[in-house]
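Input: a single structure, listed below in structure tokens.
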Amino acid sequence: MGTYQIAGRRRKPCDFAYGCFFLTGLGFLVGGFAGTFSQSNAGSNALFTGLWLVFPACFVALVGIGLSLLLCRHWPLLFLSLMTVLVAAELMTEAGPVALYNSAPIGYGITCVVFALAWFARSGRLTR
């Protein structure tokens, strides 16, 4: 697996994949919490976060899946890729109970953020 030089620092392809899942997790966390703040403004909150956070997060998730499947095959990245596909299927089909539909983006976001932060903390990228 090669390394890349960006801004004077060496980066691995897995760094990019974990970064993609980190951004995706943040987008889904904000989008998941936006509809729960106020029921009177739930539509406008969901519209704002959907347009500006969740849609770009979906594109970044596709890049993260591609990087994880093609460049580096770490089990956490494969788990995040599988989880991304399952959450996307749940959100598109609305299958299952309402509680699952409402909690899927929040659980997915927390998992992505925790896995990405653990990767960067373990590799020492947060301390430099």
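Is segment 90-109 home to any residue that is over 17 Å from Leu26 (Cα atoms), touching a Leu at 6+ places or on another chain (Cβ under 9 Å) and at pLDDT 85 or above?
Among the residues of segment 90-109, at least one is over 17 Å from Leu26 (Cα atoms), touching a Leu at 6+ places or on another chain (Cβ under 9 Å) and at pLDDT 85 or above, which makes the answer yes.
Restricting to segment 55-109, name every residue that is surrounded by fewer than 20 Cβ atoms within 10 Å (Cβ to Cβ), of a type outside the set (Phe, Trp, Tyr) and within 14 Å of Leu23 (Cβ to Cβ).
Pro56, Cys58, Val60, Leu62, Val63
List pairs: first in segment 69-94 and on the phi > 0 side of the Ramachandran plot, second in a helix (DSSP H, G or I) and surrounded by 13 or more Cβ atoms within 10 Å (Cβ to Cβ), Cβ under 6 Å, 6+ apart or cross-chain?
As it stands, the answer is Glu94/Tyr101, since those pairs meet every condition given.
The values are calculated or read from the model by the stated rules, or taken from the named source; none is laboratory data. Because the structure is a prediction, the values reported are computed rather than measured. Cβ coordinates were reconstructed from backbone atoms using ideal geometry, including for glycine residues, and neighbour counts include every protein chain displayed.
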